[in-house]
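Everything below concerns the one structure shown next.
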């Protein structure tokens, strides 16, 4: 018996949710059906998204099934949301175009690639419902690298700009001698290569060189922001996906 249901722009009522059950009635199957329906009614649902924060505005709720529940049930702003269905597509372009070697201010929406993000989008909440805090982890980072995002003053929750600033600040941190010692010789060569490339392409190469090797250099060529997806392992935690960035297009 498979029980799977998805939430999109709003949470459907349990009575209208679609689930598959066998049609051959037996006492055992009747008990399984009652158990499934009861679980459906008692299960927490993703809060409905107001019309002004729907896809156009834009928040994207997460999808989950009865077999694997999301610990984090908040919906992610569509500019920040990771689309796993399109990730492996050869022409995949995330909603947010951002080469993290550059400042967060250079981020652009894929729908308007010739303009930087408008303050209207930057000030929108990163999640629905809004949350005052969450953590971002990334498989490309060492385990002790994580990003704690907190809401700004005079705000009721973390906004899009709070997320971009927090990621940018982490990647601008200088690599410590201890972190450098842990790297293999091959990795060090790759990091130095990316460091030199970043310095040469900057407006002030000498300034960047004096700043030393930074965490963004540690990522190699996988500096393209792809999106955030909710963690299945910890509450209030999102996973960051990065990809190779080349000429305004993310490639494998």
Computed over segment 92-193, the distribution of all Cα-Cα distances in 10 Å bins, rounded to whole %, is 13, 38, 32, 15, 3
When the chain is fully extended, how far beyond the present Cα-Cα distance does residue 234 get from residue 169, taking 0.36 nm per residue of separation? 21.1 nm
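Classify segment 110-170 from the C-alpha gyration tensor, please: rounded if a/c falls under 1.5, else prolate or oblate depending on whether a/b exceeds b/c.
oblate
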Cα shape, segment 156-202, gyration tensor, a/c 1.5 rule: oblate
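Quick note: the coordinates plus some simple rules give every number you see, no bench work behind them. All of these numbers come straight from a predicted model, not from anything done at the bench.
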